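Down below is the structure, laid out as structure tokens.
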Amino acid sequence: MYHASIAFSGEIVPILELALTLLAALLVLWRPRRLEAWLRRGWRALAAVGPRRAVLASALGALLASAATMLWLGFPVPFVTDEHGYLFTADTFAHGRLTNPTPRVPVAFEAIHVMVRPSYATKYPPAPALPLAAGQLLGHAGIGVCLTAALFAAACCWFLQGWLPPPWPLVGAALATLKIGIGSYWGQSYWGGAVTAIGAFLLYGALPRLFRGHAGAPRLAWAPLALGVFLLANSRPFEGALAALPAAVVVAVALARRIREWWKPAAALTLALATGAALTAAHNRAVTGDPLQLPYRLYVATYGVDVLGPYVAPPPPVRYSSPALAFHLARSAPRPHTASAAIAAGAGHFARMAYFVCGLPLMVFAAFTVRRLPRTPATRWKLFALLCAALPAAVHSVTAWWGPHYSAAATGPLLLLAMTGMRETAGLRWRGRRLGAAFAVWLAFATLLVRLPLTLVELPAFRPDPDHPSRFLRALEADAARRSARDLIVVDDRLRRGAEWVLNPADLASAPILWIQDLGPEVTRQVATAYAPRRVFALEPGEGERALPRLRPLPELDTPRH
């Protein structure tokens, strides 16, 4: 899903997964005794790992695994326009700023997902760019992808520890890391839903700890809960608010039961949430000039984008500065308009998200755990998890677009249902005998055997093909940086119909290459003069359908050093 390689045949993945799942099922039925002894010893060793060490081991394992993929395949090459938006924000943070001043010739730098007034910024929330900015400061934004994978695994393990006994949290974190943390576009690109999932892990992982009787558990849950809400609000605000609603009900019940004991933690939570809201407002104010206006909402209002659903009023018509922007932003997006179409869309979103998070084996276990729902406390929590998993799909049943990152907050609940189902399978009876813990060990081992080769097969697909335009763009920028060039490239509108090419760093004045819209020689000359000295080139489509673009010098527009 969201593969960068056009040459990779994505249809082979589910076929291979089905074949591996059937082979794993045969292995579970066979259960060689010699191998079972080794598995039992390993299972007992994992169960003996303390909670903090388990979280640390999950983070370290994910960090090393992610770093290994980078050594094997190289750092991700951004090929989706959204990636450039997050990298732009990360570059801004790495320069010590919340936003950037308006360019000297603003209209020339207008691009998809970018605003030039009242400041030069993207429409995206800031949280996903924070680890990328840390990676950039360490040498490359791709290091931030590795850091995100480590945080994802640690938060996942901590989340599952709130709901399941050891060693299930370690096993679940390993499976989630292989499937999502490093084995999907979330872990092999500069965009996705990893930070949103981390926020949801912290939020939902805090809830069971609020009801534990032993000392210290509720007290230690408030800080992760507040941090989770902050990450959700600053990664996907709309879906984050939706995810927080059921959690807010649980928190209210917990507070109502022990209000005399918890007024201090409740006050601390309120203070932490207020601090997070103040930080969000500060970022909003820096980017939009209004602490209550999100960058995304300003972008929609400024560029008249057809919003994703009927939840907000459509913006007024806009006059675009170039045909390329009109082509991408003025299009009306089709969306379901009948109840049956919305139900079908929502069900499809839920099923695709369940497969994205779980894969085939874990989907079977998730279905198993909700097959019967007796009236027990455990059932209430299962229904809660099912509700939290279904809400993002339901709210996007009437929107035009959907991707797994839209439903990232559902990652934890879906994984919890799957791991609970795997654990409960060991309690089944076969021919009058309980399958027992040994069977659970085999299920976990077989699921890992399915997931590991699938991840290895799919990983190369998350890098663009050698002739992909994104590699050409990166090669131009690397060459210009090596030469300490001062180039200005005017992008032909025909190229921008396929993908955006007006992609600039946060610091325009020192950029080796400036990319601008083709608005005529006069605007180009203004930009070249404003950021002199610059050698000017036109980027035009190549000859042939798959031909790379070509650069044509425009010496008459070059500007010398002042």
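The values are calculated or read from the model by the stated rules, or taken from the named source; none is laboratory data. Predicted model only: the values in this text are computed from it and were never measured. So basically every Cβ, Gly included, is an ideal-geometry build from the backbone, and we count neighbours across all protein chains shown.
Numbers below:
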item	result
Criterion violated by W442 - all others in (1) over 22 Å from F152 (Cα atoms); (2) crowded, with 18+ Cβ neighbours inside 10 Å; (3) at pLDDT 90 or above satisfied	(3)
Filtered residues of segment 25-77 (kept if in contact (Cβ under 8 Å) with a residue 60 or more places away in the chain, in a helix (DSSP H, G or I) and charged (D, E, K, R))	E36, R40
Residue within segment 162-172 that is closer than 30 Å to D518 by Cβ, modelled with pLDDT of 95 or more and not acidic (D, E) present	no
Tally of residues being in a helix (DSSP H, G or I), in contact (Cβ under 8 Å) with a residue 24 or more places away in the chain and surrounded by fewer than 22 Cβ atoms within 10 Å (Cβ to Cβ) across segment 95-108	1
Test: residue in segment 261-271 that is within 29 Å of F93 (Cβ to Cβ), within 23 Å of the chain's Cα centre (by Cα) and not hydrophobic (A, V, I, L, M, F, W, C)	no
Qualifying residue in segment 357-366 (condition: surrounded by fewer than 19 Cβ atoms within 10 Å (Cβ to Cβ) and within 23 Å of G199 (Cβ to Cβ))	no
Counted residues, segment 249-265 - those being more than 11 Å from L210 (Cβ to Cβ) and modelled with pLDDT of 70 or more	4
Segment 265-309, residues that are aliphatic (A, V, I, L, M) and either within 22 Å of P101 (Cβ to Cβ) or touching a Ser or Thr at 6+ places or on another chain (Cβ under 9 Å) (or both)	L279, A281, A282, A286, V287, L294, L298, A301, V307, L308
Count - residues of segment 530-555 that are modelled with pLDDT of 90 or more and in contact with a Lys or Arg (Cβ under 9 Å, 6 or more places away or on another chain)	15
Subset of segment 40-53 that is within 16 Å of A438 (Cβ to Cβ), among the hydrophobic types (A, V, I, L, M, F, W, C) and over 30 Å from the mean Cα position of the chain (by Cα) - its residue that is surrounded by the fewest Cβ atoms within 10 Å (Cβ to Cβ)	A45
Pick from segment 372-401, criterion more than 21 Å from A345 (Cα to Cα) and of a type in the set (S, T, N, Q), ranking: surrounded by the fewest Cβ atoms within 10 Å (Cβ to Cβ)	T376
Residue in segment 498-520 that is small (G, A, S) and in contact with an Asp or Glu (Cβ under 6 Å, 6 or more places away or on another chain) present	yes
Residue list for segment 388-407, filter: more than 15 Å from A341 (Cα to Cα) and either touching a helix residue (DSSP H, G or I) at 6+ places or on another chain (Cβ under 6 Å) or free of Cβ contacts under 8 Å to residues at least 60 places away in the same chain (or both)	C388, A389, A390, L391, P392, P404, Y406, S407
In segment 1-15, the residues that are among the hydrophobic types (A, V, I, L, M, F, W, C) and either under 23 Å from the mean Cα position of the chain (by Cα) or at pLDDT below 75 (or both)	M1, A4, I6, A7, F8, V13
Out of A461, A478, sole residue that is small (G, A, S), touching a Phe, Trp or Tyr at 6+ places or on another chain (Cβ under 6 Å) and either under 19 Å from G193 (Cβ atoms) or surrounded by fewer than 18 Cβ atoms within 10 Å (Cβ to Cβ) (or both)	A461
Failed criterion for G421 (all others in (1) closer than 18 Å to L170 by Cα; (2) at pLDDT below 90; (3) of a type in the set (G, A, S) hold)	(2)
Residues located in segment 313-368, provided they are touching a strand residue (DSSP E or B) at 6+ places or on another chain (Cβ under 9 Å), in a helix (DSSP H, G or I) and of a type outside the set (A, V, I, L, M, F, W, C)	none
Selection count, segment 123-146, where residues are of a type outside the set (G, A, S) and outside any loop (DSSP other than H, G, I, E, B)	9
Residues of segment 505-529 classified as in contact (Cβ under 8 Å) with a residue 60 or more places away in the chain, over 19 Å from P101 (Cβ atoms) and either in contact with a strand residue (DSSP E or B) (Cβ under 6 Å, 6 or more places away or on another chain) or among the basic types (K, R) (or both), total	2
Residues of segment 547-562 satisfying the condition of being within 42 Å of the chain's Cα centre (by Cα) and either more than 30 Å from D465 (Cα to Cα) or touching a residue at least 40 places away in the same chain (Cβ under 8 Å) (or both)	L548, P549, L551, L554, L557, D558, T559
Any hit, segment 77-84, residues being crowded, with 19+ Cβ neighbours inside 10 Å, within 22 Å of A509 (Cβ to Cβ) and not acidic (D, E)	yes
A532 vs. criteria closer than 13 Å to V105 by Cβ, part of a helix (DSSP H, G or I) and without any contact (Cβ under 8 Å) to a residue 60 or more places away in the chain	no
All positions within segment 369-388 that are under 16 Å from M422 (Cα atoms), outside any helix (DSSP H, G or I) and not hydrophobic (A, V, I, L, M, F, W, C)	R371, R372
Pick from segment 390-418, criterion outside any helix (DSSP H, G or I) and not aromatic (F, W, Y), ranking: modelled with the lowest pLDDT	A400
Answer from A19, A68, A57, A37 - the residue that is over 27 Å from the mean Cα position of the chain (by Cα) and modelled with pLDDT of 90 or more	A19
